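Right, one structure below, let's go through it.
The values are calculated or read from the model by the stated rules, or taken from the named source; none is laboratory data. Just so we're clear, the structure is a prediction, and the values are computed from it rather than from any experiment. Here the Cβ positions follow ideal geometry from the backbone for every residue, glycine too, while neighbour counts run over all protein chains shown. Note: accessible area is taken over every heavy atom of the protein model, side chains too, but ligands, DNA and RNA are not part of it. Shrake-Rupley method; radii C 1.70, N 1.55, O 1.52, S 1.80 Å.
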Amino acid sequence: MNGEIIFTLKDIGMFVLWLLLCGILVYIILLLKNLYSSLKVVKGIIKNNEESINKVLDESPGISKNINDISKEVAYDLSVFKGTIDNIAETSESVTGVIKDNNTVVDSMSSVLHTATMAKKAVDKFLAKDE
């Protein structure tokens with residue numbers, strides 16, 4: 001024997017894999033330790049506030065019933081209000097139509113007045129020349 005130690009690539013690869021596996025196991029153990037510590041804190045908070053939590057759980061059915069009642073009332077009010085809005089829309093369409101119809105009458109009257117004004121100016125010019 002010559003006292004040489006020979007490592008093959010397979011031996012080195014296996015060593016690296018074992019090191020990675022040990023690192024992963026240490027990491028998992030640390031995660032579980034932190035999770036356990038967190039759960040202890042949460043458990044303490046729940047134990048300290050158990051009375052308040054029970055009170056909230058006892059009142060929550062009444063709160064949800066009130067919310068349902070309010071939702072039904074709002075839905076009814078909105079349906080009634082929608083009918084009012086529809087009536088207002090129909091009325092405004094009717095008013096718009098009347099305004100458009102009156103607009104043509106106003107245009108006709110304005111045209112007649114404009115013609116009368118032009119005729120008056122022509123007569124005034126004619127009479128001003130005679131003087």
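One line per residue, one yes/no per condition, for (1) open to solvent by less than 80 Å² (accessible area, probe 1.4 Å); (2) under 46 Å from the mean Cα position of the chain (by Cα); (3) small (Gly, Ala, Ser):
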{"position": "Gly23", "(1), (2), (3)": "yes, no, yes"}
{"position": "Tyr27", "(1), (2), (3)": "no, yes, no"}
{"position": "Leu31", "(1), (2), (3)": "no, yes, no"}
{"position": "Lys43", "(1), (2), (3)": "no, yes, no"}
{"position": "Ser52", "(1), (2), (3)": "yes, yes, yes"}
{"position": "Val56", "(1), (2), (3)": "no, yes, no"}
{"position": "Lys82", "(1), (2), (3)": "no, yes, no"}
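Among the residues of the stretch 106-113, is there at least one that is within 40 Å of the chain's Cα centre (by Cα), hydroxyl-bearing (Ser, Thr, Tyr) and surrounded by 10 or more Cβ atoms within 10 Å (Cβ to Cβ)?
Looking through the stretch 106-113, none of the residues is within 40 Å of the chain's Cα centre (by Cα), hydroxyl-bearing (Ser, Thr, Tyr) and surrounded by 10 or more Cβ atoms within 10 Å (Cβ to Cβ).
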